[in-house]
Amino acid sequence: MSDPSTATSPDVLRAHAEQQYAAELAALDVADDRPRPPSWRLSPWAVSLYVLGGQLPDGTAIEPKYIGSRRLVEIAIATLATDRALLLLGVPGTAKTWLGEHLAAAISGSSTLVVQGTAGTAEEALRYGWNYARLLADGPSRAAMVPSPVMRAMETGALVRVEELTRIPADVQDALISILSEKSLSVPELDEQVQAKPGFNVIATANNRDKGVNELSSALRRRVNTVVLPLPDTLEEEVEIVRGRVSAIGASLSLPPDLESLSEVQRVVQVFRELRSGVTTDRRTTVKSPTATLSTAEAISVLTNGVALAAHFGDGTVRAADVAAGLLGAVVKDPVQDRIVWQEYLETVVRDRREWNDLYRACRELG
Amino acid sequence: MPVQQSVWPLGIRHHGPGSARSVAHALDELGPDLVLVEGAPELDQVVGLLGDPEMRPPVAGLVYAVDEPRRSLFYPLASFSPEWVAVRWALAHDVPVRFADLPVTHQLADPPEGDQTAPGHGPRPDPIGLLAAAAGYDDPERWWEDAVEHRSSSSLERFAAVSEAMAAVRETDDRPPDDGDVVENARREAAMRRAVRTALKEGFERVAFVCGAYHAPALDPATYPPVARDTDLLKNLPRTKVAATWAPWTSGRLALSSGYGAGVTSPGWYQHLFDHWSRDEDPGSPDDSLATTWLVRVARELRGQQLDASTASIVEASRLATTLAAVRGRPSVGLSELDDAAESVLCEGSRVPLRLVHDSLVVGHELGAVPDGAPMVPLAADLARQQRSVRLKPEASSQMVVLDLRRPGQLARSVLLHRLRLLGVDWGAGADAGGTTGTFKEAWDLEWRPELAVSVIEAGLYGTTIQSAASAKVAEQAERSEDLATLARLVGACLVADLPDGLVPVVASLEERTAQQHDVLAMLNAVEPLARTIRYGDVRGVDVAGVASVLRALVVRAAVGLPAACNALDDDAASAVRTGIEGADRGVSLLDDEQLRERWTAGLVAVAARDGVHGSVAGRVDRLLLDAGRLDQSDAAARMSRRLSVGAPAADGAAWLDGFLAGESVLLIHDPALLPIVDAWVAGIAEHVFEDLLPLLRRTFSRHQPPERRSIAEQVRRLSGGSGPVRAEESAYDLELAMPAVERVAALLGWGVTRD
């Protein structure tokens, strides 16, 4: 295989960003002659080039990681260069985590310092915990301490990512406040302070659509710069994102899809966009929107699923029948309401598009 | 021609604050003995006024054709405009200053027959856009700011560089020489060169020429073509009589989105830049405080909108803006960085709060002023004359005026105010005349706000006098308006503003639209204002024959379409149709036209005959027919009984009753047949339905006056066999008390009544 991702780490399902794009990062490091903030591996300019893609003076092509507004990426990078934390906000599937991971990989050279926020995340995950065996044996000491990713990032001057910040209970979220404003973490048991080295910062992600989340406290909001990531603007942009991601995932799953015939990408993305916006692309027909978010990420998973189906049970070519089941599953989240929405869409929109006949039949068969 | 340089073209970006600063520096450095500024030479007559302390930017130079003010050109100037800076510099240093460009007299005249130079032939190449694209910028404005305006080296050299760059840009222009824009540009530059030649001939030795960057290379004497060629270009151009003056202007009008904008999208920001630079001439670290002061203003504005914006956040935002500029490789912080930083730090990633402050900060609320001595545009002069003649002085404070329209002097005031309102000069707002239903009284709330001066200038485009301008504007609106009701309102406005000239085009387009209109409701709504025009129009000497024929057609078509329009209405639509029918009926009653009345009533009868018409409309129509005598009381009783019978849904019955009983209540009191039907109906409603209907019934009856309700109640008591007084009226009125009034009324009517 010639793909660099599989060349560097053939044994993992999904390589970290800094492993997968190690070659690009190295090339950027050589070419980058601009001033770098303390502890940064690259200058802000090189980071934005890494994220948005482009070409280096020596001809190395940098693959775009995030397709979308240059302005937003620039704000995000500039925020990390100041001492304010970055909050990436957006509906599910707008590449918040993806962007955060690549920023961490480019700036700190590592995207592995991460706290996954859940309803059960405890304060230890943000501050520090104890190795109880040693604690009981030797009493409190640095050796008995289990530092959190946040604490390790402070000690090394690196970026730490906090995923799904709003899923973390409010009282635990508040543990971040003093870390963000004073850049220090006190350890009363040892009577010491861990002070952050230059380069430390936090990238948090949160989505503003899912129900049952804990609101961010205003104290925390005041300590972060917020960047709202939008859904892709145009059909072409979204098709490009989905196509790129599906090929990358397919490669790491060793699926041999014929990427040329990914015309299904176009169709799936169009279905998603039409249902999401409530109007067809030609703006002639109004359609109902289902309860599902129908994000770009879901379109990617529908297609990956289709690729897998085609590879294992078909002849390797992705056809309408391979994506139909995935589509149905993505759209119909509420078995009653969404099914009606989907049926209406099939009958009023899909059916009238002659070249979509195969898709219509495949969907009808599934019911 | 002298060997040493005698002309310094200062190529600027119009309304660029950086250019303005550079121009000021260049003029100080150069010390010219004559300043030429790109602009209409007609403005030379009034250029001295710019030095007047009462002249406050933004102002606009206005050059207009004397006999047709519609043809005019505005030259807006803000305090950060390089032109303004250059003129003020010259006036302050006692250096002569002149405007140089193709005289407006040619631009405003009709092009002669067969002239191929009508504007809008080919696209104008954007010189700055070309240069910016060459430098890899997507936004030309940003390129100019970075490459020219934010640079702090010697200003004269910088202008030379700009001129050189523009020369390169001009070489890439490959449009044919007969392209309209190319010809116009050639003429303008020939005119500019002519001004330079004249100046040199008069003996000036150091001439500074402040002009748009694009023209700078053409104004270097070394590149001048032979005099004869320029003379040839300027020969035989048409001319027209023009006048020039200064008009007050506003920041909003400088912005791109408004009509005669100067293309400046962010005057407030430019003002901030300019103020900052003029205050702080230290080239050390100006940008930090520039960003900070701006963000402080944003934060204060946000706080004014009840949004949190702490001082600490301002510090963070300003830091983010500086870093952003570094990430983007810009030499200093620009508006887009500040906006992004404010959005991200102060507004939690949302653009909405920023939009709130956009108007006041980025655009700004600056309002210019012009000294009293400035020549007035004809409309303003006419307004001043009329204000004197009707003795109505513009006052800054709000005052209430009640006008009695029966007096000629006060009628004239009303007419003036109505005309101004049509012109968009909202000096007076209609107010409640208070306690009178008469049509001869009118109350106005008058307040002269400074921005009205700008509105007057704009209105001045329509004509030279208030009357002709208002007529022209009404005609234009009538031309554009698709909506019958709007047209009908315009008819009414013409009437109160005494604009017989304006009425003709309005009626013409009304006639045309009526023929195409299928919406019965729109027709119904247009009837009443038109009828009022006819009824009261001839009192004011308006020719109403045209209106009458339009109205006749309108009523007939509405009557024909009415039954169909009353089908299948929901509650909201029914209430709209009912209001329309009521209005149209009032309108028809105003006219003394038996034939028309007959046609209209026929339409109502057709509606009444249909089943399935919404109760509210059917009830109202039945009542109108009853009042008009087309339905006798027994018919009405029969209809009521049918509508309120058990088989009909109770909710429909209630709606019908509401329509039927609206207006005067005496019907129920005096008609012995109707009340028992209502009574029986109410008594027969099932309890659960009654609870639903109660609010509707309550609303229906609560519209009547308390004594009327009392009478009805007493009648009901009598119906149910109670021992109430036989004649309810007796208890309701005290005849002893009423007697003097009755006698007086009788005497007025000429009836001999004696008290016995």
Three-way shape call for chain B based on the alpha-carbon gyration tensor, with the a/c threshold at 1.5: prolate
Fraction of beta bridges assigned by DSSP in the protein assembly as shown that are antiparallel (%, nearest 5): 55
Beta bridges by DSSP in the stretch A:4-228, antiparallel share as percent, to the nearest 5: 35
Contour minus Cα-Cα distance for A:L235 and A:R353 (0.36 nm per residue): 40.7 nm
Cα-Cα over 25 Å, subset of A:K65/A:K183; B:K393/B:K441; B:K201/B:K235; A:K96/A:K333: A:K65/A:K183
Peptides A:23-31, A:331-339 ordered by average Cβ neighbours within 10 Å, highest first: A:23-31, A:331-339
Under 5 Å, built H, 5+ apart or other chain: amide partners of A:V187: A:E192, A:Q193, A:V194
Karplus 3J(HN,Hα) series, Hz, for the stretch B:235-249 with 6.51 cos²θ - 1.76 cosθ + 1.60 (x for Gly, Pro): 7, 6, 7, x, 9, 9, 7, 10, 10, 10, 7, 10, 10, x, 9
Chain lengthening between A:D171 and A:D315 when straightened (0.36 nm per residue, less Cα-Cα): 46.5 nm
Rounded if a/c under 1.5, otherwise prolate or oblate - the stretch B:7-248, Cα gyration tensor axes: rounded
Residue mean of other protein chain beta carbons inside 10 Å, A:224-234: 3
Separation in nanometres of the label points that stand 7 Å from Cα toward Cβ, at A:S277 and B:S310: 4.1
Hypothetical label at A:T112: residues of the stretch A:135-154 whose amide nitrogen lies under 16 Å (7 Å Cα-Cβ projection): A:147-154
Per-residue HN-Hα couplings for the stretch B:610-618 [Karplus 6.51, -1.76, 1.60; θ = phi - 60°; Hz; x = Gly/Pro]: 8, 8, x, 7, 3, x, 4, 6, 4
Summed residue charge, Cβ within 12 Å of B:L420's Cβ, Lys/Arg positive, Asp/Glu negative: +2
Modelled FRET efficiency - R0 45 Å, B:R709 with B:R391, Cβ distances, 0.05 increments: 0.35
Within chain B, helix-based [θ] at 222 nm, where runs of 4 or more DSSP H residues each add -39,500 (n - 2.57), nearest 500: -17000 deg cm²/dmol
Difference of contour (0.36 nm per residue) and Cα-Cα distance, A:R71 to A:L136: 18.1 nm
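For B:T172 and B:R229, what is the calculated FRET efficiency with R₀ set at 35 Å and r taken between the beta-carbons, to the nearest 0.05?
Values: r = 23 Å, r/R0 = 0.65.
Efficiency, rounded to the nearest 0.05: 0.95.
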Crossing angle, helix A:357-366 versus chain A [Cα axis fit, 0-90 degrees, rounded to tens]: 70
Projected label distance in nm at B:R297 and A:A119, using a 7 Å step from Cα toward the beta-carbon: 5.0
Rounded to whole Hz, the Karplus (6.51, -1.76, 1.60) HN-Hα couplings of the stretch A:102-110, x for glycine and proline: 5, 5, 5, 5, 6, 7, 9, x, 8
Per-peptide average of other Cβ atoms within 10 Å, ordering B:548-557, B:51-60, B:89-98, B:612-621 highest first: B:612-621, B:548-557, B:51-60, B:89-98
Shape of the protein assembly as shown, Cα gyration tensor, a/c cut at 1.5: oblate
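When Lys and Arg each count +1 and Asp and Glu each count -1, what net charge do the other residues less than 10 Å away from A:P198, Cβ to Cβ, add up to?
Residues near A:P198 contribute +1 overall.
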Amide proton proximity set for A:V146, modelled H, under 5 Å, gap of 5+: A:G129, A:W130, A:N131
Nearest 10 degrees, 0 to 90: helix A:235-252 Cα axis against chain A principal axis: 70
Nonlocal amide H pairs with B:L307, under 5 Å, H built at 1.01 Å: none
Ordering of A:287-293, A:102-108, B:200-206, B:72-78 by burial proxy (mean other Cβ atoms within 10 Å per residue, highest first): A:102-108, B:72-78, A:287-293, B:200-206
Angle in degrees between helix A:22-31 and the longest Cα principal axis of chain A, rounded to the nearest 10: 60
10 Å Cβ neighbours from other chains, averaged over peptide A:67-74: 3
Inter-label distance for B:A381 and B:A651, nm, one decimal - labels placed 7 Å from Cα along Cα-to-Cβ: 6.8
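Bear in mind these aren't lab numbers, they're just calculated from the coordinates by the rules spelled out. In this text, all values refer to a predicted model and were calculated from it rather than measured experimentally. Cβ coordinates were reconstructed from backbone atoms using ideal geometry, including for glycine residues, and neighbour counts include every protein chain displayed.
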